[in-house]
Amino acid sequence: MTLFANRRRMLLGLATATAAAATGVTASGAPAHQEAPELIALADQLDSRLSAYLAAVAKVERIAKEWGPQWPVPVEEIQRWTPGSKQYVNILGNPIEVPLDQGGCKRLVNVGTPECFEKDAASHRREYERKMQTKSQRGTKFHKQWWERSAAAIAPARAFWTEVERVNEASGIKVAQANQKIALTALKDLVGRIVMFQEVTVAGLVIKAQAMQAWGRVNKLDRAVAEFHRTLSDQPVNWGEEMAATIVRQVGGVA
């Protein structure tokens, strides 16, 4: 059978299955099968799960818009990669690029914490004092310079991270993001259960299509992360393949 003939056969089968679902009888006049109550019960949860996720996303976006302008900017003295430093991110946790030069180039930076600067200052001070006891005193200038530089960075680093903590706490962004993640997981799990459910009728196919449509309203980053984690699970599943199998099952059974 050619691809065209097979496609035509499937379309006719789908039309027949749809008519049977709408009228409650098959082409032969026999009562049509009813969709599994379990699948219908799952479908009834779609709207509330999707609404909960979209509301959570909207809250995060609202907080970011309101509090983002208050996010602190680190002074250059604490923009340093050192053991214990953290990448400079915005209120949403996304990396921020800072100007590298007047030519418009930008770069990602790390911001040191008070603890890492204290440790660095202490380390360079010990080396400075040790080398001062040597005959050549070679390297003392280097260690003295970095001892003073790290010591001077402690106070601005403490001020920066204190402000980060204040904005996080006052804005409620962390709680809002956690709720978004919970809502995303709940929606993903429901969509997965629906798509993988062994449907009985073409109504089940429609329910699965609605579930995939709901999943399509998830923002791109959340969807990409969730689908990446799904591929790493102990039993990864391909929703697209399952949807194709559902269509073939439904049109094949009546065509």
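Annotations for the structure displayed:
- Couplings for the stretch 135-147, taken from phi via the Karplus curve 6.51 cos²θ - 1.76 cosθ + 1.60 with θ = phi - 60°, read 5, 7, 6, 5, x, 5, 4, 4, 5, 5, 4, 6, 4 Hz in order; Gly and Pro are left as x.
- Relative to the Cα centre, the charge distribution of the stretch 48-88, modelled as +1 at Lys and Arg Cβ and -1 at Asp and Glu Cβ, gives a dipole magnitude of about 260 debye.
- Stretched out straight at 0.36 nm per residue, the stretch from V75 to I96 would grow longer than its current Cα-Cα span by 6.2 nm.
- From phi via Karplus (6.51, -1.76, 1.60), per-residue ³J(HN,Hα) for the stretch 67-83 in Hz, x at Gly/Pro: 9, x, x, 8, 5, x, 10, x, 5, 4, 4, 9, 7, 8, 7, 7, x
- Contour excess over end-to-end distance, with Cα ends at S51 and S123 and 0.36 nm allotted per residue: 20.5 nm
- Exposure proxy shown here: for T82, T162, the number of other Cβ atoms within 10 Å sets the order, fewest to most, as T162, T82.
- Long pairs among K65/K174; K65/K106; K119/K174; K65/K188; K86/K119; K119/K144, criterion Cα-Cα beyond 25 Å: K119/K174; K65/K188
- Peptide ranges 122-130, 205-213 listed from the most packed, as the mean C-beta count within 10 angstrom indicates: 205-213, 122-130
- Taking a sphere under 10 Å around the Cβ of S150 and counting the other residues whose Cβ falls inside, with K and R at +1 and D and E at -1, yields a net charge of 0.
- Convex hull volume per residue, computed on the Cα atoms of the stretch 96-172, equals 111 Å³.
- With R₀ fixed at 35 Å, the C-beta to C-beta distance from E165 to F142 puts the FRET efficiency at about 0.55.
- Taking θ as phi - 60° and the Karplus parameters 6.51, -1.76 and 1.60, the scalar couplings of the stretch 52-62 work out to 5, 5, 5, 5, 5, 4, 4, 5, 4, 5, 5 Hz in sequence order, x denoting glycine and proline.
- Once the Cα-Cα distance is subtracted from the 0.36 nm per residue extended length, the Q210 to L108 segment shows a gain of 32.6 nm.
All of the numbers you see were taken from the coordinates with simple rules; none came from a lab. This one's a predicted model, so the numbers in the text were calculated from it and none came from an experiment. Please note: Cβ atoms are built from the backbone with ideal geometry, for glycine as well, and neighbour counts cover all protein chains shown.
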